[in-house]
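This report concerns only the one structure given below.
The values are calculated or read from the model by the stated rules, or taken from the named source; none is laboratory data. Predicted, not measured: the structure shown is a model, and the values here were computed from it. Every residue, glycine as well, gets a Cβ built from its backbone with ideal geometry; the counts of neighbours run over all protein chains shown. To get the accessible areas, we keep the full protein, side chains included, count just its heavy atoms, and leave off ligands, DNA and RNA. Shrake-Rupley method; radii C 1.70, N 1.55, O 1.52, S 1.80 Å.
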Amino acid sequence: MGDEEKRNRAITARRQHLKSLMLQIAATELEKEESRREAEKQNYLAEHCPPLHIPGSMAEVQELCKQLHAKIDAAEEEKYDMEVKVQKSGKELEDMNQKLFDLRGKFKRPPLRRVRMSADAMLKALLGSKHKVCMDLRANLKQVKKEDTEKERDLRDVGDWRKNIEEKSGMEGRKKMFESES
């Protein structure tokens, strides 16, 4: 066990060392990335925003303000145009989605027809030429004779109760009742 414990400790120590090295490398990479972003930002600002020279006289300051306001107005117009384009394309997208939904709803799926197949036909369709077993289930059934029981005979003899009522209705029926009683 002592040899194995030393080995496990060495592996754990090596993992910790590699982990710390990886963290150090990641930290230096993050610092490089941050400095690169800062340099890109400075280059972009130098290109697009010239340094501001504040003039000494009031007329020059007013002229500078007018120029800045003109640039702001141009930027606002461009922003407004972009917003309108985005809204228009969003509305077109919603309309297209609605049309797509309507088209999907219009198509009716045809009702499935019930197919009646015998067991032999089904096996033949599934197995093809391998089908040799006959599935005639009715041939395997036993023939049973129905025996007449006394109850069934009594029910047949009594007949339908509606016939009895029809015979007894009216004057003729009452006449028969009196004749049968006496």
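Figures for the structure shown
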quantity	calculated
Breaking point among (1) part of a helix (DSSP H, G or I); (2) open to solvent by less than 100 Å² (accessible area, probe 1.4 Å); (3) out of contact with any Asp or Glu (no Cβ under 9 Å at 6 or more places or on another chain), for residue 120	(3)
Qualifying residue in the range 90-101 (condition: outside any helix (DSSP H, G or I), modelled with pLDDT under 95, charged (D, E, K, R) and open to solvent by 90 Å² or more (accessible area, probe 1.4 Å))	no
Of all residues in the range 54-67 being open to solvent by less than 100 Å² (accessible area, probe 1.4 Å) and charged (D, E, K, R), the one that is modelled with the highest pLDDT	63
Residues located in the range 1-32, provided they are modelled with pLDDT of 95 or more and β-branched (Val, Ile, Thr)	25, 28
Test result for residue 175, in a helix (DSSP H, G or I), at pLDDT 75 or above, open to solvent by 100 Å² or more (accessible area, probe 1.4 Å) and out of contact with any helix residue (DSSP H, G or I) (no Cβ under 8 Å at 6 or more places or on another chain)	no
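Yes/no per residue for (1) open to solvent by 100 Å² or more (accessible area, probe 1.4 Å); (2) within 30 Å of residue 75 (Cα to Cα):
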residue	(1), (2)
2	no, no
6	yes, no
11	no, no
26	no, no
44	yes, yes
49	no, yes
52	yes, yes
